[in-house]
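The values are calculated or read from the model by the stated rules, or taken from the named source; none is laboratory data. On a predicted model such as this, the values are computed, not experimentally measured, just so you know. We place every Cβ from the backbone using ideal geometry, glycine too, and count neighbours over all the protein chains shown.
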Ligand SMILES: Nc1ncnc2c1ncn2[C@@H]1O[C@H](COP(=O)(O)OP(=O)(O)OP(=O)(O)O)[C@@H](O)[C@H]1O
Ligand SMILES: O=P(O)(O)OC[C@H]1O[C@H](OP(=O)(O)OP(=O)(O)O)[C@H](O)[C@@H]1O
């Protein structure tokens with residue numbers, strides 16, 4: 001059996017169901033709204049596992065699921081050497097979101113990462129502690145700022161409602177996902193103009209560590225109209 005892990009709720013789940021339905025595979029939740037059980041029809045040998053989008057990378061890396069749907073941001077944040085552990089099979093064309101850094105609107109002198117760097121040094125001298133950036137994307141933000149030579153900052157962990165941290169005075173800036181920009185605007189934040197740290201969308205991944213014996217991946221790929229991936 002190929003174990004296919006998909007997000008258990010929300011738009012990501014609905015859009016995943018629709019993406020597979022367009023290709024002749026019906027995924028459906030069974031039981032009550034609260035029961036995380038599901039079934040697959042239109043192809044044999046595939047079992048569905050419903051789980052949080054954030055857990056899909058770990059389950060793929062551990063080989064507990066063969067295939068999984070989640071955002072590119074989730075995989076690159078959670079798996080250090082993601083290419084060794086998973087293969088990107090298909091970008092699915094939904095769940096588009098950009099990981100960005102945003103600062104308060106009234107920081108009129110800060111438009112770019114270079115400006116943020118300058119302000120960060122001044123901030124530390126003035127306040128005696130490093131400028132705080134709230135995020136749940138620790139790995140991606142650290143990597144990005146290191147590559148740009150920004151060092152005078154600290155990350156503050158925020159697993160949700162990240163844009164609220166500035167008004168709550170627990171951070172001076174945020175690094176989070178944005179789609180329409182409405183949440184940033186409502187919280188009086190403005191993204192830096194350098195472009196996103198990462199452009200994410202929902203993606204179908206295959207595990208390189210799972211035991212594929214007895215799994216007919218070729219049949220599934222054919223049904224989905226995709227090339228057979230090299231998962232080594
Ligand atoms: N506003 C948005 N528009 C489009 N995609 C988004 C948006 N917010 C988050 N996403 C994407 O949805 C995926 C799941 O994000 P989310 O943070 O909701 O996952 P999660 O925390 O694992 O979910 P759960 O609430 O089940 O724990 C990520 O890949 C992210 O890029
Ligand atoms: O640019 P927008 O269209 O406004 O979307 C961006 C928001 O969507 C996500 O939050 P989500 O609703 O998933 O909740 P979260 O705060 O728990 O992450 C993300 O973390 C932003 O807060």
List, please: which pairs have Cβ atoms under 9 Å, are six or more places apart or on different chains, and start with a residue in region 175-197 that is without any contact (Cβ under 8 Å) to a residue 60 or more places away in the chain and end with one that is assigned to a loop (DSSP other than H, G, I, E, B) and surrounded by fewer than 19 Cβ atoms within 10 Å (Cβ to Cβ)? 185/105; 187/167
Can you name every residue in region 43-63 that is assigned to a loop (DSSP other than H, G, I, E, B), over 27 Å from residue 199 (Cα atoms) and in contact with a strand residue (DSSP E or B) (Cβ under 7 Å, 6 or more places away or on another chain)? 45
Do we have residue 210 as farther than 30 Å from residue 1 by Cβ and touching a strand residue (DSSP E or B) at 6+ places or on another chain (Cβ under 9 Å) here? no
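Could you please give the count of residues in region 65-85 that are away from ligand 1 (no atom under 14 Å from the Cβ) and under 8 Å from residue 207 (Cβ atoms)?
So the count comes out to 4.
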Can you confirm whether residue 88 is surrounded by 14 or more Cβ atoms within 10 Å (Cβ to Cβ), in a helix (DSSP H, G or I) and not assigned by TED's automatic domain parsing to the domain that holds residue 186? no
Of all residues in region 1-24, how many are in a loop (DSSP other than H, G, I, E, B) and either within 16 Å of ligand 2 (Cβ to nearest atom) or in contact with a helix residue (DSSP H, G or I) (Cβ under 9 Å, 6 or more places away or on another chain) (or both)? 4
Looking at region 22-38, which of the residues that are within 21 Å of residue 202 (Cα to Cα) and in contact with a strand residue (DSSP E or B) (Cβ under 7 Å, 6 or more places away or on another chain) is modelled with the lowest pLDDT? 36
Quick count over region 91-116, residues being outside any loop (DSSP other than H, G, I, E, B) and in contact with a helix residue (DSSP H, G or I) (Cβ under 6 Å, 6 or more places away or on another chain), is 2
Suppose we filter 40, 119 for residues that are touching a residue at least 12 places away in the same chain (Cβ under 8 Å) and not in a helix (DSSP H, G or I); which single one remains? 40
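For (1) under 29 Å from residue 86 (Cβ atoms); (2) within 14 Å of ligand 2 (Cβ to nearest atom); (3) not assigned by TED's automatic domain parsing to the domain that holds residue 26, each residue gets a yes or a no:
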{"position": "119", "(1), (2), (3)": "no, no, yes"}
{"position": "126", "(1), (2), (3)": "no, no, yes"}
{"position": "145", "(1), (2), (3)": "yes, no, yes"}
{"position": "189", "(1), (2), (3)": "no, yes, yes"}
{"position": "212", "(1), (2), (3)": "yes, no, no"}
{"position": "232", "(1), (2), (3)": "yes, no, yes"}
